[in-house]
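Chemist: Below is a structure I'd like to ask you about.
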Amino acid sequence: MRTGKGKTGRPIGFDRDVALEAAMLLFWKRGFEGTSMADLTQAMNLSPSSIYAAFGDKQSLFSHVVKRYIETRAQYAAEALAEPTFSKVVRALFDNTVTFLTGTGHPPTCMTLAGAVGCSTEGAEARDLMTEIRNQNDAAMKERFLAARRAGEMPKNINVDDFTRFISATLAGLSIQAANGATKTELKRTSQTALKMLGF
């Protein structure tokens, strides 16, 4: 569109956070490749040229969205890792994940799994970004578990790498079950089963 000075610009009243939130929810629901620029222009209430001027191309917009997701929605995992003891950390990872997955106002799954797991060559950059974030999340968990080991809270007979992968895989499984329609009660029971198997 054009501003009063006759130059191409953003729409009057353009709110960057509102636009990014709309784009985030759309990518979260449909994935990177399932979301078209036409879908984004409608959801964000912006023209393609305005989106490009503010956020760059689709991949760049996706990167902005992922950053917003991590900073505003995905803090539940970091909050769990900040718990003071090993036992509380593990329990909080499950409890916080279930609470997040069954919350309102967003798709019932983790965006790092749903956003770009299976992509063609054209979506490889988005897929690689999601993989990098998941690996970073696993690294953060591993570091917290190593701290628990150093503090004498984690049994020495547990392999930290294997334990990290198990927790990561189980939490990802909860996300898949939530996307499949599992209720909060069902996800809690699954979490409790996992915790019992882990000795908590």
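The values are calculated or read from the model by the stated rules, or taken from the named source; none is laboratory data. As the structure is a computational prediction, the values presented were derived from the model and not from experiment. Every residue, glycine among them, receives a Cβ derived from its backbone with ideal geometry; neighbour counts consider all protein chains shown. Areas reflect the complete protein model, heavy atoms only, side chains present, ligands, DNA and RNA absent. Shrake-Rupley method; radii C 1.70, N 1.55, O 1.52, S 1.80 Å.
Chemist: Taking the conditions exactly as written (among the aromatic types (Phe, Trp, Tyr), free of Cβ contacts under 8 Å to residues at least 40 places away in the same chain, surrounded by 18 or more Cβ atoms within 10 Å (Cβ to Cβ) and not in a loop (DSSP other than H, G, I, E, B)), does Phe163 satisfy them or not? Give the derivation first.
Modeler: Numbers: among the aromatic types (Phe, Trp, Tyr): yes; free of Cβ contacts under 8 Å to residues at least 40 places away in the same chain: yes; surrounded by 18 or more Cβ atoms within 10 Å (Cβ to Cβ): yes; not in a loop (DSSP other than H, G, I, E, B): yes.
The answer is yes for Phe163.
Chemist: Another one. Being within 18 Å of Leu26 (Cβ to Cβ) and assigned to a helix (DSSP H, G or I) is the filter; apply it to the stretch 78-121 and report the residue that is modelled with the highest pLDDT.
Modeler: Met111
Chemist: Next question, about the same structure. Does Asp57 count as among the acidic types (Asp, Glu), open to solvent by less than 50 Å² (accessible area, probe 1.4 Å) and closer than 24 Å to Glu122 by Cα?
Modeler: Values: among the acidic types (Asp, Glu): yes; open to solvent by less than 50 Å² (accessible area, probe 1.4 Å): no; closer than 24 Å to Glu122 by Cα: yes.
No; evaluated as a whole, the condition is false for this residue.
Chemist: Restricting attention to the stretch 174-186, which residues are without any contact (Cβ under 8 Å) to a residue 12 or more places away in the chain and either part of a helix (DSSP H, G or I) or surrounded by 13 or more Cβ atoms within 10 Å (Cβ to Cβ) (or both)?
Modeler: Matches in the stretch 174-186: Ala182, Thr185, Glu186.
Chemist: Whether any residue in the stretch 31-46 is surrounded by 13 or more Cβ atoms within 10 Å (Cβ to Cβ), within 30 Å of Phe145 (Cα to Cα) and either touching a residue at least 12 places away in the same chain (Cβ under 8 Å) or in contact with a His (Cβ under 7 Å, 6 or more places away or on another chain) (or both) is what I want to check. It would help to see each step written out before you state the result.
Modeler: Keep residues of the stretch 31-46 that are surrounded by 13 or more Cβ atoms within 10 Å (Cβ to Cβ), which gives 31-35, 37, 39-41, 43-46.
If we keep only those that are within 30 Å of Phe145 (Cα to Cα) too, we end up with none.
Looking for residues that are surrounded by 13 or more Cβ atoms within 10 Å (Cβ to Cβ), within 30 Å of Phe145 (Cα to Cα) and either touching a residue at least 12 places away in the same chain (Cβ under 8 Å) or in contact with a His (Cβ under 7 Å, 6 or more places away or on another chain) (or both), one finds none in the stretch 31-46, hence no.
Chemist: Restricting attention to the stretch 48-77, and to residues there that are in a helix (DSSP H, G or I) and basic (Lys, Arg), which single residue is nearest to Met37 (Cα to Cα)? Even if it seems obvious, please write down each step before you answer.
Modeler: Here is the first cut: in the stretch 48-77, the residues in a helix (DSSP H, G or I) are 48-55, 58-72, 75-77.
The next check asks that each one be basic (Lys, Arg); those that pass are 58, 67-68.
Values: Lys58: 7, Lys67: 19, Arg68: 19 Å.
Across the stretch 48-77, the extreme among qualifying residues is Lys58.
Chemist: Sticking with this structure for a sec: Between a residue in the stretch 136-150 that is more than 14 Å from Ala77 (Cα to Cα) and any residue that is at pLDDT 95 or above, which pairs come within a Cβ distance under 6 Å, given they are 6 or more apart or on different chains?
Modeler: Leu146/Val160; Ala148/Phe86
Chemist: Listed residues Arg150, Arg134, Arg189, Arg127; which is open to solvent by 60 Å² or more (accessible area, probe 1.4 Å), touching a Cys at 6+ places or on another chain (Cβ under 6 Å) and either modelled with pLDDT of 95 or more or closer than 19 Å to Gln59 by Cβ (or both)? Steps first, please.
Modeler: On the way: Arg150 fails: touching a Cys at 6+ places or on another chain (Cβ under 6 Å); Arg134 fails: touching a Cys at 6+ places or on another chain (Cβ under 6 Å); Arg189 fails: touching a Cys at 6+ places or on another chain (Cβ under 6 Å).
Step by step, each of Arg150, Arg134, Arg189, Arg127 is checked, and only Arg127 is open to solvent by 60 Å² or more (accessible area, probe 1.4 Å), touching a Cys at 6+ places or on another chain (Cβ under 6 Å) and either modelled with pLDDT of 95 or more or closer than 19 Å to Gln59 by Cβ (or both).
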